[in-house]
Amino acid sequence: MSARPGVRFRSRARLRLRLSAAALVGALSGALALGGAGLPARAAGTPPPPSSSPSSSPSPFSSPSPSPSSSTDKALQRRLDDLVRTAGGPPGVIALMQVGDRTTVHRAGVADTRTGRPPRADAYMRLASVSKAYSGAVALRLVDRHRLDLDDTIGRRLPALPRAWHEVTLRQLLGHTSGLPDFSTAPSFLEILVADPRHHFDSRELLDFVADRDLEFPPGSRYAYSNSDNIAVALMAQAVTGRPYERLLEQLVYRPLDLRRTLLPQGYRMPRPYLHGYDVTPPAPPEDISEALGASGVWASGGIVATPEDLNSFVRAWAGGRDFLSREVREQQRRFIPGAASEPAGPGANAGGLAIFRYTTRCGTVYGHTGNFPGYTQLAAATADGKRSLTFSLNTQTSKSLKPELLAKVRAVQEDFVCALLRR
């Protein structure tokens, strides 16, 4: 955003007009566009049949035999170029693929419409709900260290929370089968946010916005994606260690994986350089909203900022790194509920595990997480052994409720990238 106060004020005024309460709900929680809301909570060890996402143009990856690398790269580049030319689509996109030690970066469009700077793999961006994988990583590493147990309850670890929530377990929180009401849909929360998008919330008190509400359903009986779940996960981790969640991220995730460009801010400022995020609503020109919202109101459920390079390193460990989780904990992580999805849904057929999702495409299966936030849409995924990985980042938001046609196109392109990743 411009440094001139008058320009900043006008931009924020326009943002307030556009971000109605309903739009904020969709932007921050995806609660009105749940890919798996209402699904019965049944874990399964076998994947659902593969399905292809709809595409606006024929896929160059439909053949069962792999294409030469150069022709594949050119086809992928055409797909990205087409995506940034789409009405309402992102000004820029960057996809980072790694196979073994070899990394390939594809990009199209711009990271900053003012300067024309292209997207970079070392530029910061908002990870949105991919942040839920990081709080899952903290929790499951504590499970590995016997500081937490998947059957620990809110009543045992967080007794000050409402008594009606006390039977909810850590496993149910991580798998979005808890029934906790979503704080980001609470009228009192949205009223504050609409009045001041940069309001500084006490992140550790976010569940207070729904403390007067009962569970939405009996714990473990349904799948419903909720921001409240990961706030409770972070609070549990704090409770058993006596350490702030931010410090636990540093000790259990950043440092072991050498993530030097990953952080969980409280304010609205982005570290430099960064991939600018835009509201794209034709016929108006794209509006930079990278710093329009603060991160304190999403915290452990959506506040992490990182570069594509760091995100790639994380997802390789989270999806399959042998030294990151024990085999026993990994088996619990990968007990999937068919049809359960994050917001937005990822490529192919989705299934939800413990802070991780399975994406079964026509070419094979990867594991990871998606996310969206005003100005950003994310996918991070890797193979079960962590040796092949993909991050796919747009600098505009898309979701089933906001831009369904764009999301369908994005998912189709993401699936093409997964196919290329698996065939290299």
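The values are calculated or read from the model by the stated rules, or taken from the named source; none is laboratory data. Everything numeric here is computed off the predicted structure, so don't read it as measured data. With ideal geometry, Cβ positions are generated from the backbone for all residues, glycine too; neighbour counts draw on all protein chains shown. Just so you know, the surface numbers come from the protein's heavy atoms only, side chains and all, with ligands and any DNA or RNA stripped out. Shrake-Rupley method; radii C 1.70, N 1.55, O 1.52, S 1.80 Å.
Of the residues 254, 278, which single one is in contact with a strand residue (DSSP E or B) (Cβ under 8 Å, 6 or more places away or on another chain) and free of Cβ contacts under 8 Å to residues at least 60 places away in the same chain? If you could, list the steps in order and put the result at the bottom.
Numbers: 278 fails: free of Cβ contacts under 8 Å to residues at least 60 places away in the same chain.
Unique residue meeting the criteria: 254.
Looking only at the range 336-366, count every residue that is small (Gly, Ala, Ser), outside any strand (DSSP E or B) and surrounded by fewer than 24 Cβ atoms within 10 Å (Cβ to Cβ) and tell me the total.
Residues flagged as small (Gly, Ala, Ser), outside any strand (DSSP E or B) and surrounded by fewer than 24 Cβ atoms within 10 Å (Cβ to Cβ) within the range 336-366 amount to 2.
Residues in the range 196-208 that are farther than 16 Å from residue 158 by Cβ and either free of Cβ contacts under 8 Å to residues at least 40 places away in the same chain or in contact with a Cys (Cβ under 6 Å, 6 or more places away or on another chain) (or both): 196 only.
Against the conditions (1) touching a Lys or Arg at 6+ places or on another chain (Cβ under 8 Å); (2) more than 27 Å from residue 244 (Cα to Cα), residue 332 satisfies every one except (2).
In the list 172, 251, which residue meets the criterion of being at pLDDT 95 or above, open to solvent by less than 70 Å² (accessible area, probe 1.4 Å), over 25 Å from residue 41 (Cα atoms) and not acidic (Asp, Glu)? Going through 172, 251 in turn, the sole match is 251. May I ask you to say which residue of 139, 111 is more than 19 Å from residue 383 (Cβ to Cβ), touching a Leu at 6+ places or on another chain (Cβ under 8 Å) and assigned to a loop (DSSP other than H, G, I, E, B)? Every option except 111 fails the conditions.
Closer than 30 Å to residue 206 by Cβ and without any contact (Cβ under 8 Å) to a residue 60 or more places away in the chain, is that true of residue 115? Explain how you work it out, then say what you get.
Values: closer than 30 Å to residue 206 by Cβ: no; without any contact (Cβ under 8 Å) to a residue 60 or more places away in the chain: yes.
No, not satisfied.
Of the residues making up the range 367-390, not one is of a type in the set (Asp, Glu) and either part of a strand (DSSP E or B) or out of contact with any helix residue (DSSP H, G or I) (no Cβ under 9 Å at 6 or more places or on another chain) (or both).
When the range 99-115 is filtered for residues that are open to solvent by 40 Å² or more (accessible area, probe 1.4 Å) and closer than 19 Å to residue 291 by Cα, the ones remaining, listed by number, are 113, 114, 115.
Which of (1) open to solvent by 10 Å² or more (accessible area, probe 1.4 Å); (2) more than 17 Å from the chain's Cα centre (by Cα) is the odd one out, the single condition residue 291 does not satisfy? With respect to (1) open to solvent by 10 Å² or more (accessible area, probe 1.4 Å); (2) more than 17 Å from the chain's Cα centre (by Cα), residue 291 is out only on (1). Is there a residue being among the charged types (D, E, K, R) and either open to solvent by less than 10 Å² (accessible area, probe 1.4 Å) or under 14 Å from the mean Cα position of the chain (by Cα) (or both) anywhere in the range 315-324? Checked the range 315-324: no residue is among the charged types (D, E, K, R) and either open to solvent by less than 10 Å² (accessible area, probe 1.4 Å) or under 14 Å from the mean Cα position of the chain (by Cα) (or both).
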